[in-house]
Amino acid sequence: MSHLKCMDLNTQYVSVVDTNRLEKHRDIPLLSALKEYSLQDIAAFDVPGHKRGQGVKVLNQYFGHELMRMDVNSLPLLDNVSNAKGVIKEAQELLADAYHADAAFFMTNGTTSAIHCMLMSVLGPNDKVLLPRNIHKSALNGLILCGATPVYLPTEMLGKEGIACNVKPSDVESMLNQDSNIKAVFLLNPTYYGFVTDLEQIIQICHQRDVLVLVDEAHGAHFPFHPDLPPSGVELGADVSCVSIHKTGGALTQASALLVNKARIDVKKVQQVINMLQSTSCSYLLMSSLDGARQNLVLNGHEQLSKTIYLSEYARYKINQIPGLHTIEPIGVYHQSYDVTKLGINVQGLGLTGFEVYDLMWKKYNIQLEMPDFNNVLAVISLGDQLKNINRLIEAFKDIASQHHKESNIEQTPFKLVSHPQVELSPRDAYFSEKELVPLEEAIGRLAGESILAYPPGIPIVAPGERITSEVIISLKQLKQSHAFLTDNVDKEMKQLLVIKENNLS
């Protein structure tokens, strides 16, 4: 890391983006139209009912009059996302160009909704999809919606840290050779902790077999805008990908996009599914934030991300000098590149769990981390980060380590993800089966009737239709004892599990 000493945060970085392309992306058609409309003197007899903030004074006071005037519904002057022909169409075409896709669709219910739409667009009942076990719950719920059956890829774990990594191209090829009925492969690019795989090779392997490639890029919205970051899915030829532009691209929370390459995908079918699953009253604030974020990424992304990468490398260098801590780095031949902006820190050497460090950070130091798990915490470094806050983070870690490192003679047990679950029913069939609650220990051997997961990151420990093993029960007890935030389970005390009634299986 010696190169850090000679870097200057004030360095002016030269963008590698084509000049003509830059000029085109100065336009913000939807954001400009929304702003212009909000300034007009209009007597509003449409929804929303707050009528530009006049009906709910507290929202006007807290959010600001300007924002409330821009919270409008679908109007002729502002286009309609369900059948875009005007400024939304222009803005979506610019977004597609920015991400090197054939088509782009605004999504205002996060990448959760985008993943549902992606799966519903290409998969149907009993279709098989190959995917890693460390998927977000939205992918599992998407399988419930479309009726497809998951086939799980081997999931590598990162040593004692207990982190699920990414998949190997050789494993994808092997699984496709074993089962010619697999219709699509669903991949993560990157995982929550920044691990990617050789996506280009996997796309080649799949397309040679006429298998679709679907990519969850919720945490990779910034990838296309700096050469030192991993390549993005659609840029490499993936058929469909979903990007959470609100996560690392600067848009407002819930603002995401669905990106499509047309060679193997029916774009009209994608639009149909979006219209079925997404609100007809999409937020213009969210959609226009995608327009503004896209402009910023194309015009300023290279410079901002150069600084972001530097800050992350600087933080890694400093944190790795603190006793009891080390940052999480890629290992093994299957990690072709890595998203350095995901700053994962292993805290096992402090004798504390990641959950405890996460709580200490916000309670004592006023620092909000992205997420904890048993042995690690994650900080996301992105466009808006500043050196002063990076230094605050480093100093907080130093202070925590000074108080706890000497006490650290406890080896934390790594958390184990069930990477090869026994799938007996499709998630959809399991979801619609009759169920009953049984005590935790009595659930061993039964089929799960619910998803149980800690959020974040939202990876299911057990999913509907999977055989519950003693390993699952051990993992759930670990989560409960660590005070992890468990979601989706019916019994919030985690004393009982929802299982499928035996008479459903005869």
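The values are calculated or read from the model by the stated rules, or taken from the named source; none is laboratory data. Quick caveat: nothing in here was measured; it's all calculated off a predicted structure. Here Cβ is always computed from backbone atoms with ideal geometry, including for glycine, and neighbour counts include all displayed protein chains. Accessible surface areas use protein heavy atoms only, side chains included; no ligands, DNA or RNA. Shrake-Rupley method; radii C 1.70, N 1.55, O 1.52, S 1.80 Å.
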| message | Given the condition surrounded by 12 or more Cβ atoms within 10 Å (Cβ to Cβ), of a type in the set (A, V, I, L, M, F, W, C) and under 33 Å from the mean Cα position of the chain (by Cα), answer yes or no: does some residue in the stretch 42-53 qualify? | response | no
| query | Does THR112 fit the bill of being within 30 Å of THR327 (Cβ to Cβ), open to solvent by 10 Å² or more (accessible area, probe 1.4 Å), in a helix (DSSP H, G or I) and touching a strand residue (DSSP E or B) at 6+ places or on another chain (Cβ under 9 Å)? | reply | yes
| said: Criterion first (of a type in the set (Ser, Thr, Tyr), at pLDDT below 95 and either at positive phi or surrounded by 14 or more Cβ atoms within 10 Å (Cβ to Cβ) (or both)) does SER2 satisfy it? | reply: no
| remark: Looking across the stretch 71-85 at residues that are out of contact with any Pro (no Cβ under 8 Å at 6 or more places or on another chain) and among the aliphatic types (A, V, I, L, M), the single one that is surrounded by the fewest Cβ atoms within 10 Å (Cβ to Cβ) is LEU77
| request: List every residue pair whose Cβ atoms lie under 7 Å apart, where the two residues are 6 or more positions apart in sequence or sit on different chains, the first residue falls within the stretch 363-383 and is within 16 Å of HIS219 (Cα to Cα), and the second residue, located anywhere, is of a type in the set (Asp, Glu) and crowded, with 17+ Cβ neighbours inside 10 Å. | output: LEU378/GLU370; ALA379/GLU370; VAL380/GLU370
| field | Filter result for MET68 (of a type outside the set (Val, Ile, Thr), buried (at least 21 other Cβ atoms within 10 Å of the Cβ) and closer than 22 Å to ASP266 by Cα) | value | no
| Just one of VAL462, VAL499, VAL490 is open to solvent by 60 Å² or more (accessible area, probe 1.4 Å), modelled with pLDDT of 80 or more and of a type in the set (A, V, I, L, M); which is it? | VAL490
| said: Scan the stretch 91-109 and tell me whether some residue there is in contact with an Asp or Glu (Cβ under 6 Å, 6 or more places away or on another chain) and open to solvent by less than 40 Å² (accessible area, probe 1.4 Å). | reply: yes
| request: Mind telling me which of the residues GLY324, GLY292, GLY349 ends up being out of contact with any strand residue (DSSP E or B) (no Cβ under 7 Å at 6 or more places or on another chain), of a type in the set (Gly, Ala, Ser) and in a loop (DSSP other than H, G, I, E, B)? | output: GLY324
| Which of (1) at pLDDT 95 or above; (2) open to solvent by 10 Å² or more (accessible area, probe 1.4 Å); (3) in a helix (DSSP H, G or I) does ILE88 not meet, given it meets every other one? | (2)
| Answer residue from the stretch 338-360, given it is closer than 23 Å to ALA221 by Cβ and of a type outside the set (Gly, Ala, Ser) and is surrounded by the fewest Cβ atoms within 10 Å (Cβ to Cβ) among those | TYR338
